[in-house]
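Trainee: First, the structure itself, so that you have it in front of you.
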Amino acid sequence: MQSTFFLGYSMTGEAYIFEGEHIEAQPEDFVFGSKFYQIAESLWAQGKWTPHPQRIEEGGLLGINDGLQQMRESKVSGEKLVYRVEDTAWPN
């Protein structure tokens, strides 16, 4: 088995800019993405692929710094931290 790194943007089959660098279209990534999507959709429908559990955090978007600190301290594992926009108390 071979492991390959690529950005999901390339699965569109179109060129893109990432961190200021122009990346040419990669047609083979589009072919891979099309196959992956079909497999992923099937696994999802069968209940064999599920998302990480979510932990809804307080403070809306203003609470993100606390979550980043928790991640730095390795206090987050196997779950997705969620900050709801509608819970944000914007300063006046």
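Trainee: Given R₀ = 25 Å, FRET efficiency for Thr12-Met71 by Cβ-Cβ distance, to 0.05?
Mentor: 0.30
Trainee: In the neighborhood of Glu14, defined by Cβ-to-Cβ distances under 14 Å, what is the net charge if each Lys or Arg adds +1 and each Asp or Glu adds -1?
Mentor: The answer is -3.
Trainee: Let me ask something additional. Helix 27-45 versus the longest principal axis of the chain: what is the Cα-based angle in degrees, 0 to 90, to the nearest 10?
Mentor: Result, in degrees: 60.
Trainee: For every other residue with a beta carbon closer than 14 angstrom to the beta carbon of Asp87, add +1 if it is Lys or Arg and -1 if Asp or Glu, then tell me the sum.
Mentor: After counting each charged neighbour, the total is -2.
Trainee: Compute the length gained on full extension between Trp90 and Ser3: take 0.36 nm times their separation in residues and subtract their Cα-Cα distance, giving the result in nm to one decimal.
Mentor: Answer, rounded to one decimal: 27.0 nm.
Trainee: Now a separate question. Straight-line reach from Lys80: which aspartates and glutamates have a Cα under 19 Å away, not including same-chain ones fewer than 8 places off?
Mentor: Correct list for Lys80: Glu57, Glu58, Asp66.
Trainee: Still on this model: As a test of the formula, what do you get for the chain when each DSSP H run with n ≥ 4 contributes -39,500 (n - 2.57) and the sum is divided by the residue count, at 222 nm and rounded to the nearest 500 deg cm²/dmol?
Mentor: Theoretical 222 nm ellipticity from helices: -10000 deg cm²/dmol.
Read-outs throughout are calculated quantities, based only on the coordinates presented, and are distinct from any laboratory measurement. Nothing here was measured: the structure is a model prediction, and the numbers come from that model. Counting neighbours? That spans all protein chains shown, and the Cβs are built from the backbone with ideal geometry, glycine included.
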